[in-house]
1. Residues in region 23-53, backbone N under 16 Å from the label point at Asp192 (7 Å along the Cα-to-beta-carbon vector): list them, ranges by number please.
2. Would any residue of region 120-150 have its amide N under 14 Å from a label point 7 Å out along Cα→Cβ of Glu105? List them or say none.
3. Along the Cα→Cβ direction, 7 angstrom out, place labels at Thr23 and Gln201. What is the inter-label distance in nm?
4. Protein chains only, probe 1.4 Å: how do Tyr73, Tyr167 rank by accessible area, largest first?
5. Just to check, using Stokes-Einstein with a Kirkwood Rh over alpha carbon pairs, what's the diffusion coefficient of the chain at 25 °C and 0.890 mPa s in µm²/s?
6. Probe radius 1.4 Å, ligands and nucleic acids left out: which of Lys161, Lys134 has the largest accessible area, and how do the rest follow?
7. Taking only DSSP H segments of four or more residues, each worth -39500 (n - 2.57), what value at 222 nm results for the chain once the sum is divided by all its residues, to the nearest 500 deg cm²/dmol?
8. Using label points projected 7 Å from each Cα along Cα→Cβ, tell me how many nm separate Leu93 and His121, to one decimal.
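The values are calculated or read from the model by the stated rules, or taken from the named source; none is laboratory data. If you're wondering where the values come from, they're calculated on a predicted model, not measured in any experiment. Cβ: placed from backbone, ideal geometry, glycine included. Neighbour counts: every protein chain shown. All accessible areas refer to the heavy atoms of the entire protein, side chains included, with ligands and DNA or RNA removed. Shrake-Rupley method; radii C 1.70, N 1.55, O 1.52, S 1.80 Å.
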Amino acid sequence: MALLEVNDLERTFGGIVALDGVTFDVASGETNVIIGPNGAGKTTLFNCITGYHIPDHGTVRFQGTDITSTPDYKTARTGIRRTFQEVDVFDELTVAENISLGAFESSPREMMELLDLLDIHDKEGSELTLFERKRVSLALASEGELLLLDEVFSGLNPTEKPAMVGYLDALAERKTLMLIEHDIETAFDLADTVTILAQGQVMKRGTPEEMLDDETVREDFLGEM
Ligand code: ATP
């Protein structure tokens, strides 16, 4: 059984079709990267998986349980956690205090160590760099089994990007990851599987190698790669 099963999801906003029959599975331990042009439906897909939006049609199953109509504050408890493009860390609290709000069932120490947060545990949120804030929000999301990460690399500099790949590789050994990513090279570095979403539909799913071998995919979605 797959960890996540998305079946025939549809979601419209007024007349706009954001998701149009999206079906795919994510296996436990897999790192799945979603790419696709602006407006393809990537964020709406995350919103429907977490229950922030309820789809008009179709189902989302997590660990075999139908969670299609489960609101997001409850899906977080079932084991689906998320980071947002806008990083939400409290400015007036230290790193350790921010982490303590994460309702960790086990000690957060392992994740703080993995994300190099122990050395800056007493630094205040307002003093953190974007890269540090992103690592705090990753630690907060890491209590889940399935982590949905929205553009974790945006705004990072060329030294920080490979370091973030390293952190995500380490996380991926423990968790199942789904990432929305615009930087194709970074996406392909991390991905076991890539899902191309365009106009609310899955255009192709496969390994990075399968994507690169497909001429239509290269021309339509991968720029000059
Ligand atoms: P981007 O890469 O620009 O973030 P995306 O692939 O995440 O895009 P979505 O944000 O999911 O795409 O949007 C898909 C379509 O649905 C777009 O046409 C968008 O305008 C529309 N849409 C998404 N959310 C809403 C909403 N709350 N109200 C109205 N339209 C929406």
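1. The answer is 24-34, whose backbone nitrogens lie closer than 16 Å to the label point.
2. Answer for region 120-150: 142-146.
3. Those two pseudo-labels are separated by 1.3 nm.
4. Numbers: Tyr73 135, Tyr167 30 Å².
Descending accessible area places them as Tyr73, Tyr167.
5. Details: Rh = 18.0 Å.
The calculation lands on 136 µm²/s.
6. Working: Lys161 60, Lys134 10 Å².
Final ranking, largest accessible area leading: Lys161, Lys134.
7. Numbers: 9 runs with 73 residues, N = 225.
Result for the chain, helices only: -9000 deg cm²/dmol.
8. Result: 1.6 nm between the two label points.
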